[in-house]
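**Student:** So that we are looking at the same thing, I have put the structure below in structure tokens.
The values are calculated or read from the model by the stated rules, or taken from the named source; none is laboratory data. Note that the structure is predicted; figures quoted are calculated from it, not measured. Here the Cβ positions follow ideal geometry from the backbone for every residue, glycine too, while neighbour counts run over all protein chains shown.
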Amino acid sequence: METEATVSEFQNMLSARGVSRRSFMKLCGAVAVAAGLSELAAPRVAQALEKSVIGATKGKLYPVIWIEGASCTGCTESFAQVETPDAASIVLDMISLNYSETLSAAAGWSMEEAKEQTIEAGNYILVYEGAVLEGWGGQALRVADKPGTEHLIEAAEKANAVVALGSCAVNGGWMGAHPNQAGALGVQAFLKKAGINTPVVNVPGCPANPEWLVAVLADVIFLEKLPALNSEDKPAGIFDQTIHDNCERRGHFENGEFVYKFGSEEEAKGYCLYPLGCRGPQTKANCGVTCSPALPASVAARPTRTIPAITGSRSTPRSTSVIATCASATGWFSPALSRSASPAFLPRPSWCTVSA
């Protein structure tokens with residue numbers, strides 16, 4: 001009877017939000033996949049959600065601080081347009097986004113106060129977007145009347161982990177190109193120089209695929225640990241295989257069947273695009289086809305870093321599968337593969353901000 005009452009109460013909560021049970025289970029399946037679980041784990045994710053973030057009335061949303069460095073906010077824009085789950089579900093039901101210079105409704109002193117309160121309380125995740133600027137003693141970027149580098153140090157010291165989101169945050173990106181007068185560099189390199197040992201998860205991309213960020217957040221929130229990382233501290237399940245490894249056109253590559261001109265019969269047959277600019281064999285990222293290959297032994301053997309759990313949080317066992325989600329415009333995008341050249345061939349997800 002107690003279980004029936006709990007389920008009924010939760011269903012009423014979903015109904016009040018205009019969400020059907022079917023839609024909720026679809027969301028759970030998407031979250032499970034983002035976390036590197038099988039879709040069969042959706043019921044367990046649903047149970048975790050019912051007992052925690054969506055079913056919570058207070059105090060169980062995971063605190064997140066999102067700081068903008070030298071960025072174009074492209075990664076924020078891509079995140080705002082993620083579809084499975086959508087940004088509203090993540091921000092309202094999975095995390096407590098206590099500070100975001102782009103997405104927060106508040107501004108000025110009140111927003112800085114919210115960030116300071118979150119840092120003081122501890123037990124949060126820091127998402128840092130954009131390059132770190134060391135130039136002129138950190139004065140190349142000033143926020144709230146102090147150097148941007150100070151903001152990063154203050155937020156990173158007490159964070160459970162730092163997610164360096166986007167290529168600029170990972171290695172300085174185009175901001176770090178010659179002559180680099182502003183002294184741009186990546187988050188991890190800067191924190192190492194500053195003597196801060198907080199774990200850093202590097203999620204490159206211009207913009208970063210928002211589903212990659214969702215996957216990291218899902219690991220932190222539901223599994224209470226960081227994802228397995230490779231030698232570059234990137235999520236191993238995403239960046240340890242080349243796009244070529246799981247490409248749907250791989251068979252055509254092996255058979256020597258290539259596209260040499262857009263609009264040709266070969267393109268219509270879905271032949272390999274390597275001669276036209278595809279760099280899938282050299283680019284390590286997950287492919288544009290959703291699939292669930294078995295977790296490689298080299299990845300499974302890597303230890304994962306555990307992180308503190310928030311009060312009242314829960315855990316879900318991890319399966320031995322890893323998801324390869326959509327990553328169009330990553331690795332194999334080139335001027336030849338432009339929207340104008342073949343719009344039917346290169347569909348772009350709503351989050352993609354790359355212009356041809």
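**Student:** Kindly provide the set of residues from the stretch 111-153 that are among the small types (Gly, Ala, Ser) and on the phi > 0 side of the Ramachandran plot, ordered by number.
**Tutor:** Gly122, Gly130, Gly137, Gly138, Ala144
**Student:** Would you say Glu129 is among the charged types (D, E, K, R) and more than 28 Å from Ala285 (Cβ to Cβ)? Explain how you work it out, then say what you get.
**Tutor:** Values: among the charged types (D, E, K, R): yes; more than 28 Å from Ala285 (Cβ to Cβ): no.
Criteria not met by Glu129.
**Student:** Please find, within the stretch 116-146, the residue that is nearest to Pro199 (Cα to Cα) out of those that are in a strand (DSSP E or B) and β-branched (Val, Ile, Thr). If you could, list the steps in order and put the result at the bottom.
**Tutor:** Quick first cut of the stretch 116-146, residues in a strand (DSSP E or B) only: 125-129, 131-133, 142-143, 146.
Subsequent filtering for residues that are β-branched (Val, Ile, Thr) retains 125, 127, 132, 143.
Details: Ile125: 10, Val127: 12, Val132: 17, Val143: 24 Å.
Taking the candidates together, the pick is Ile125.
**Student:** Moving on to the next point. Working only within the stretch 183-212, note down all residues that are touching a residue at least 12 places away in the same chain (Cβ under 8 Å) and more than 28 Å from Thr283 (Cβ to Cβ).
**Tutor:** Initial filter on the stretch 183-212 (touching a residue at least 12 places away in the same chain (Cβ under 8 Å)): 183-191, 194, 196, 198-212.
Listed by number, the residues that qualify are Gly183, Ala194, Ile196, Thr198.
**Student:** For Trp212, work out the one condition from (1) buried (at least 22 other Cβ atoms within 10 Å of the Cβ); (2) over 30 Å from Tyr124 (Cβ atoms) it doesn't fulfil.
**Tutor:** Trp212 satisfies every listed condition except (2).
**Student:** Right, next: If you go through the stretch 148-173 one residue at a time, how many are over 21 Å from Val220 (Cα atoms) and within 20 Å of the chain's Cα centre (by Cα)?
**Tutor:** The number of residues fulfilling the criteria is 5.
**Student:** While we're on this one: Restricted to the stretch 94-131, and to residues that are of a type in the set (Val, Ile, Thr) and within 19 Å of the chain's Cα centre (by Cα), which residue is modelled with the highest pLDDT?
**Tutor:** Here the residue is Val127.
**Student:** Would you kindly identify the helices (runs of 4 or more DSSP H) lying entirely within the stretch 232-277 that contain at least 3 residues that are touching a strand residue (DSSP E or B) at 6+ places or on another chain (Cβ under 9 Å) and either surrounded by fewer than 18 Cβ atoms within 10 Å (Cβ to Cβ) or not β-branched (Val, Ile, Thr) (or both)?
**Tutor:** Numbers: elements: 236-239, 250-254, 265-268.
Filter on the stretch 232-277 gives 236-239, 250-254.
**Student:** Right, something else. Kindly provide the set of residues from the stretch 215-231 that are closer than 15 Å to Ile125 by Cα, surrounded by fewer than 24 Cβ atoms within 10 Å (Cβ to Cβ) and among the hydrophobic types (A, V, I, L, M, F, W, C), ordered by number.
**Tutor:** Val216, Leu217, Leu223, Leu226
**Student:** Okay, next question. Could you say which residue among Leu97, Leu141, Leu133 is closer than 21 Å to Val201 by Cβ, among the aliphatic types (A, V, I, L, M) and touching a helix residue (DSSP H, G or I) at 6+ places or on another chain (Cβ under 9 Å)?
**Tutor:** Details: Leu141 fails: closer than 21 Å to Val201 by Cβ; Leu133 fails: closer than 21 Å to Val201 by Cβ.
Step by step, each of Leu97, Leu141, Leu133 is checked, and only Leu97 is closer than 21 Å to Val201 by Cβ, among the aliphatic types (A, V, I, L, M) and touching a helix residue (DSSP H, G or I) at 6+ places or on another chain (Cβ under 9 Å).
**Student:** Out of the residues in the stretch 218-274 that are of a type in the set (Asp, Glu) and within 28 Å of the chain's Cα centre (by Cα), state the one that is nearest to Val200 (Cα to Cα). Write out each step before concluding.
**Tutor:** If we filter the stretch 218-274 for residues that are of a type in the set (Asp, Glu), which is where we start, we get 219, 224, 232-233, 240, 245, 248, 254, 257, 265-267.
Checking the rest, the ones that are also within 28 Å of the chain's Cα centre (by Cα) come to 219, 224, 232-233, 240, 245, 248.
Numbers: Asp219: 14, Glu224: 15, Glu232: 10, Asp233: 7, Asp240: 17, Asp245: 27, Glu248: 32 Å.
It comes out as Asp233.
**Student:** List every residue pair whose Cβ atoms sit under 6 Å apart, with the two residues 6 or more apart in sequence or on different chains, where the first one lies in the stretch 215-242 and is in contact (Cβ under 8 Å) with a residue 12 or more places away in the chain and among the small types (Gly, Ala, Ser) and the second, anywhere, is part of a helix (DSSP H, G or I) and surrounded by 22 or more Cβ atoms within 10 Å (Cβ to Cβ).
**Tutor:** Between residues of the stretch 215-242 that are in contact (Cβ under 8 Å) with a residue 12 or more places away in the chain and among the small types (Gly, Ala, Ser) and residues that are part of a helix (DSSP H, G or I) and surrounded by 22 or more Cβ atoms within 10 Å (Cβ to Cβ), the close pairs are Ala215/Ala34; Ala218/Val31; Ala218/Ala34; Ala228/Ala236.
**Student:** Residues being modelled with pLDDT of 90 or more and either buried (at least 20 other Cβ atoms within 10 Å of the Cβ) or of a type in the set (Lys, Arg) (or both): count how many of those fall in the stretch 55-77. Full working, then the answer.
**Tutor:** The first filter runs over the stretch 55-77 and keeps only residues modelled with pLDDT of 90 or more, leaving 63-77.
Next cut, either buried (at least 20 other Cβ atoms within 10 Å of the Cβ) or of a type in the set (Lys, Arg) (or both) only: 63-71, 74-76.
Residues meeting the conditions: 12.
**Student:** Residue check: is Thr149 part of a helix (DSSP H, G or I) and of a type in the set (S, T, N, Q)?
**Tutor:** On the way: part of a helix (DSSP H, G or I): yes; of a type in the set (S, T, N, Q): yes.
In short, yes.
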